[in-house]
Amino acid sequence: MEILRDYKVGIEGVCGGSCDCGTCHVIVAQEWAGKLPEPRDEEIDALDELPLIEATSRLSCQIIWADDLDGLTLTLAEAA
Ligand code: FES
């Protein structure tokens, strides 16, 4: 989320990464979805509160960057 925010691509991240707002919702490309760590219960609960999610929806604030994620492809979810 912080990387996306720094690049000013339109991610809000209102709660600052505390998994509480959903404004960092992204759709991870299918080929990348299985390469990310599984979401924690807190993230799943937050995603469940969003009006529209997809199978590969994630909260970008919960994706901890690592070099092996170089090339990660995702789409910003539309704001509710
Ligand atoms: S920044 Fe609020 S849930 Fe990710």
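Read the figures in this text as sums done on the coordinates, not as results from a lab. Source: prediction; values computed, not measured. Because the Cβ atoms are built from the backbone with ideal geometry, glycine has one as well, and the counts that use them run over all protein chains shown.
Some notes on this structure:
- Percentage, to the nearest whole number, of Cα pairs in the chain over 19 Å apart: 27
- A simple spin-label model places pseudo-atoms 7 Å from Cα toward Cβ; at Tyr7 and Ile53 they are separated by 2.4 nm.
- Taking every DSSP helix (H) stretch of at least 4 residues in the chain, weighting each as -39,500 (n - 2.57) and dividing the sum by the residue count yields a mean residue ellipticity at 222 nm of -4500 deg cm²/dmol.
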